[in-house]
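The values are calculated or read from the model by the stated rules, or taken from the named source; none is laboratory data. Just so you know, these numbers come straight off a predicted model, no measurement behind them. Surface areas here come from the heavy atoms of the whole protein model, side chains and all, with no ligands, DNA or RNA. Shrake-Rupley method; radii C 1.70, N 1.55, O 1.52, S 1.80 Å.
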Amino acid sequence: MKKYLKLRKKVLEVLNSKLPKELYYHNVRHILDVFKVVNQYIRRDKIDKKSAYLLRIGALLHDIGFITTKIEHEEKGTEIAKELMSQFGYPEEDIKIVQGLIRATKVPQYPQNKLERILCDSDLDYLGRKDFYEISDQLYRELKEASIVSNVDEWNKLQIKFLESHEYHTDFAKKNRQPNKEKRILEIKKLISN
């Protein structure tokens, strides 16, 4: 527990000080949102204590690669995770589990086990929530600043493509997030100007 709290403090310090300011979506607010959703899964699915800690660490570290790169940030994140977890004496097997969690969040997502399915669905939980538009606006701003999209129409087309190809992996998300995600797809299709 003490080791976990020290690691969490260190990770949040690194994220707060090193994440680029132009990340309007992939920022500490997003990471803490994913962390909060992971905690809901832990309670709901009665995840054992050790797995719960590893899942929380995965949530905190899943986008840490952004401190150095936007390209293949998950892979960079696995290196940073190993470095940080080693500093706090985590065994190799725990580090490998967390690295698997980080890799699983790479889109398109292909989670291999229950913990990876939970983190993937926590990462994209907002796709089926009431705050979808508020959060997707932050992602639009980030992608526009990075010149990945140049206008709202382009963004909406990209969103539809993403939403239609995305799949939830847990029973909870399939039941409680997928229906709202389907509504978003229909709403955004109506916004496209052709």
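Listed values, structure above:
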{"quantity": "Long pairs among K6/K181; K114/K144; K10/K50, criterion Cα-Cα beyond 26 Å", "calculated": "K6/K181; K114/K144"}
{"quantity": "C-alpha long axis of helix 114-123 to longest principal axis of the chain, angle in °", "calculated": "50 degrees"}
{"quantity": "Structure-derived Cα extents along the principal axes in Å - corresponding label in (1) 50, 42, 34; (2) 39, 38, 31; (3) 56, 34, 23", "calculated": "(3)"}
{"quantity": "Solvent-accessible area of L5 with every protein chain in place, 1.4 Å probe, in Å² to the nearest 10", "calculated": "70 Å²"}
{"quantity": "On Cα atoms only, tilt of 49-61 relative to the major axis of the chain in degrees", "calculated": "50 degrees"}
{"quantity": "Cα long-axis angle, helix 2-18 against the chain (0 to 90 degrees, to the nearest 10)", "calculated": "40 degrees"}
